[in-house]
Every structure is written in C-alpha cells, then in structure tokens.
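Below: one structure in structure tokens.
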C-alpha cells in the first residue's frame, strides 16, 4: 500500500525531540510500553518519524502535562488518531492487547476466534485463506498480534478445559508453525543489522512464540539465526560465538524446561553479549528470568522493539 505524505518517515529522533520537547528516551519508552508512536526504520535501522507521529507525540505530551497518566494518554491518542484516518494498512497499526494466559476466552479478538474455529474444525484451507486475506489488509505485526498470538492462547485454554483433544491442538500448532516459518523465510536475511541467535531452551519443544519474535526482528533488520527447539545452553553459547552474535534469545515455556535451563545456566555465564529470555512460564517468574538473562516481555512486537533498542545502545557503546 502506498503511504501518504503524513505517514512517511521524515524526522530523526533528535529532530522530533527538538520539535516536541519530548526526550528521545521517552519516545522509545512510549513505543515499547504502549506501541505509540510507530516510526519507520531506515536502512541502518534508525527511527524516522512521520508528521503524523509528531502530531501524535504532541497530543500525548499535552495530555500528560494536563496530568493525564501516560497509559491513559496513549489510549486517548489511539482513539483520536483512529478518528483522524488511521487505516489497517498503515505501518502505525494500532495493535490490540495480547490475550494473557488467564484472560477469558470471550475477550479475545474476533479475528482470533474465527481462526480457532476453523482450526478446530480442521478447515485448514479456510484458516489459510483467513490469514492470507489478513496479510493483504494489515501488516505482518498486525497478523501476529490480532490473529496468531491470541489464537494460541485460546487453543491452550480449550485444551486445558478438555474442549479439544491433543490431536486438535497438535494439528493447529503444526498449521500455525508452518505459517510462521513461511513468514520468517519471507522476512529475508539482512546483511547489515546485528546478529542474534534464537533458540528454545533444553527440553523445550514449544517454539511458536520464538518464531513470532524472530519474524518481527527480521522485519526490523536484525539478522536472526534461528536454531529452534530443545537446545542445550552449552551448545547455544558455542554456536553464538561461532556466528559472532550480538545477542542470544532464549525461549522457555514449561516448568521442566525452566529447571533444565537453570541447571545449565552456568554455560551461558561469562558471555560478553546479552541474553534475552521469554516464554509463558517466565512471564510469571521474573526472578527465574533474571537468573537466565534479561526478560523481553510477553508481547513479540514490543519485545522486538526493546531488543533492537538495547542492541542500538550496545552498538553505540562499542
């Protein structure tokens, strides 16, 4: 989709800071925490803000100066700028809050409900058509956050309540894995961005969350070396050194995998690169996450932005 002049990236972070009076560090915090604003990235991976971004930033600044909490200011900005003409195809797509593990299934986005219904009926052709149509209307990040991530939460809830069989869950997971693998391949390989190694921890077989994060990172220009499931931490450290990685991404979702990773954590100690960790179980155990590395958060899109920001800081210090 052709971008309008108002939504094209024109201004650097320092220029926006000078125009709005909002520090660049604050802009990055708003982006990580609230998904606003949503600047483009140039070929070097640096942010470029549009006129629309600048207007949104100014709106949020005014609300916070009036005493409105930043979280509420972000909600108001979404409402205000949706009215002003935000379209699903624009890169500044307003992303919904992901479905949390304990959230009621009825509150999931309708798009995810529709996808899950098709998967449970084994209508894989219908599910594939639904995702293809979504990709034609919104960006990949929107597909991940509005369809795939909440669909995974719904499937997990239905399996835990005994509403679907293991066979249903396995078929749905296999379908979503194939879709994410295709998106990862389509994202291509950057030759200029930082290199990170993405792997599931030892005894961890659930890799869909890691695949989603890897897709978003590649689209941000990061060179993701995707290793996959059940990776011993000693082997992971050796491989990361062999490819000259600037960071390691480690996904852990189950108690069994967490215990295995904690027993091997010494194999990652002494690394001179950051280790970012995430996964279902670490979302509820911040202390365990801190023992393994830096928690990246439960949201693939915001986690990717946080990781890219951290790598930018690391590069500037080098």
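Applying 1/(1 + (r/R0)^6) with R0 = 41 Å to the Cβ-Cβ distance of residue 239 and residue 61, what FRET efficiency is obtained, to the nearest 0.05?
Details: r = 45 Å, r/R0 = 1.09.
About 0.35, to the nearest 0.05.
Let me make sure I get this right: for region 105-186, a, b and c are the square roots of the gyration tensor eigenvalues over alpha carbons, sorted descending. Under 1.5 in a/c it's rounded, otherwise prolate if a/b > b/c, else oblate. Which is it? Provide the component values of the computation, followed by the final result.
Details: a/c = 1.84, a/b = 1.45, b/c = 1.27.
Verdict is prolate for region 105-186.
Just check region 195-317 against the gyration tensor rule for me: Cα atoms, a ≥ b ≥ c as the square roots of the eigenvalues, rounded for a/c under 1.5, and otherwise prolate or oblate depending on whether a/b exceeds b/c.
Numbers: a/c = 1.44, a/b = 1.22, b/c = 1.18.
In terms of gyration-tensor shape, rounded.
For Cα extents along the principal axes in Å, pick the label among [x] 56, 49, 38; [y] 52, 48, 38; [z] 62, 41, 38 that corresponds to the value derived from the coordinates.
Computed from these coordinates, Cα extents along the principal axes in Å corresponds to label [y].
Please build a GNM for the chain, connecting alpha carbons under 10 Å apart, and tell me which residue among 194, 69, 232 fluctuates the most.
Top of the fluctuation ranking is 69.
With an 8 Å Cα cut-off and a minimum separation of 6 or more residues, compute the relative contact order for region 107-245 in percent. Don't jump to the answer; show the numbers that get you there.
Values: 153 pairs, mean separation 29.7, N = 139.
Relative contact order here is 21 percent.
So for the pair residue 259, residue 314, with labels modelled 7 Å out along Cα→Cβ, what separation do we get in nm?
3.1
Give the shape of region 157-261 as rounded, prolate or oblate, defined through the alpha-carbon gyration tensor: a ≥ b ≥ c are the square roots of its eigenvalues, a/c under 1.5 means rounded, and otherwise the shape is prolate if a/b is larger than b/c and oblate if not. Provide the component values of the computation, followed by the final result.
Numbers: a/c = 3.03, a/b = 1.44, b/c = 2.10.
Here region 157-261 falls in the oblate category.
Restricting to DSSP H runs of at least four residues, report the calculated mean residue ellipticity at 222 nm for the chain, -39500 (n - 2.57) per run over all residues, nearest 500 deg cm²/dmol. Let's see the in-between values first.
On the way: 14 runs with 166 residues, N = 318.
Per the formula, -16000 deg cm²/dmol.
How high is the relative contact order of the chain, in percent, counting Cα pairs under 8 Å that sit 6 or more residues apart?
Working: 451 pairs, mean separation 41.6, N = 318.
Reported relative contact order: 13 percent.
Using alpha-carbon pairs under 8 Å, 6+ residues apart, how would you state the relative contact order of region 245-291 in percent? Could the numbers behind the result be given before it?
Details: 43 pairs, mean separation 24.8, N = 47.
Here the relative contact order equals 53 percent.
FYI, it's all coordinate maths here, none of it is from the lab. In this text, all values refer to a predicted model and were calculated from it rather than measured experimentally. We place every Cβ from the backbone using ideal geometry, glycine too, and count neighbours over all the protein chains shown.
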